[in-house]
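Novice: Provided herewith is a single structure, encoded as C-alpha cells, for subsequent inquiry.
The values are calculated or read from the model by the stated rules, or taken from the named source; none is laboratory data. Here the structure is a predicted model, which means the values were calculated and not measured. Cβ sites come from the backbone with ideal geometry, for glycine too, and all protein chains shown count toward neighbours.
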C-alpha cells in the first residue's frame, strides 16, 4: 500500500532529480575569443577611491578565468588593504606614481612599470603622486 509519506518522498526525489538535471545542463560561459578594447570606448564607473572599468571576466581556451580591469586611483589613496589570493596577476601602471607592496617591501613604480603579484603573496597599491594614478590589472585563474 502506498502511503502519503511514500508519495511525499517520491515527489521530493523527483524535484531534486529535476533540479540536478537543470544544474547539470546549465550553459557554461562562452570562451573569450579574439578581442580588442579601445581606450576611448572603456566605460568607467566612479568609486570611493577613484574609478573602475571592468574589461572582461570570462574563461578562455586555456584559463578557467581571465579578468582584466582598469582602475583610476585618487592621490593619497589605496585601492585596498594588503591582501592575498591564490591567483596571480599583473599590474601595469599607465599614469601617475604609485607604491606597491611586493615581497614585503614598498616599491615606487611610475608609468610603464609592471608588477607581478605571485600566488598568495601579500600585495597592495597606493597612489603617492600629486595626480590620479591609472593602472591595468590582468588576473587569471587556471585549474591545477
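Novice: Which residue pairs have Cβ atoms closer than 9 Å, lie 6 or more positions apart in sequence or on different chains, and pair a first residue in segment 104-115 that is on the phi > 0 side of the Ramachandran plot and modelled with pLDDT under 95 with a second residue that is surrounded by 14 or more Cβ atoms within 10 Å (Cβ to Cβ) and not in a loop (DSSP other than H, G, I, E, B)?
Specialist: none
Novice: Still on this structure: Hey, among 77, 90, 73, which residue is modelled with pLDDT of 95 or more and crowded, with 17+ Cβ neighbours inside 10 Å?
Specialist: It is 73.
Let's see how each residue does on (1) over 18 Å from residue 138 (Cβ atoms); (2) loosely packed, with under 14 Cβ neighbours inside 10 Å; (3) in contact (Cβ under 8 Å) with a residue 12 or more places away in the chain; (4) within 12 Å of the chain's Cα centre (by Cα):
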| site | (1), (2), (3), (4) |
| --- | --- |
| 37 | no, yes, yes, no |
| 50 | yes, no, yes, no |
| 63 | no, no, yes, no |
| 94 | no, no, yes, no |
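Novice: Residues of segment 69-80 being within 13 Å of residue 124 (Cβ to Cβ) and assigned to a loop (DSSP other than H, G, I, E, B), which ones?
Specialist: 77, 79, 80
Novice: May I ask you to list pairs of residues, at least six apart or on different chains, whose Cβ atoms are under 8 Å apart, with the first in segment 67-83 being at negative phi and free of Cβ contacts under 8 Å to residues at least 60 places away in the same chain and the second being assigned to a loop (DSSP other than H, G, I, E, B) and surrounded by fewer than 11 Cβ atoms within 10 Å (Cβ to Cβ)?
Specialist: 75/130
Novice: Answer with yes or no whether residue 118 is within 21 Å of the chain's Cα centre (by Cα) and buried (at least 16 other Cβ atoms within 10 Å of the Cβ).
Specialist: no
Novice: Hey, another quick one. All but one of (1) at pLDDT 95 or above; (2) over 24 Å from residue 28 (Cα atoms); (3) within 16 Å of the chain's Cα centre (by Cα) hold for residue 56, so report the exception by its number.
Specialist: Among (1) at pLDDT 95 or above; (2) over 24 Å from residue 28 (Cα atoms); (3) within 16 Å of the chain's Cα centre (by Cα), residue 56 violates only (2).
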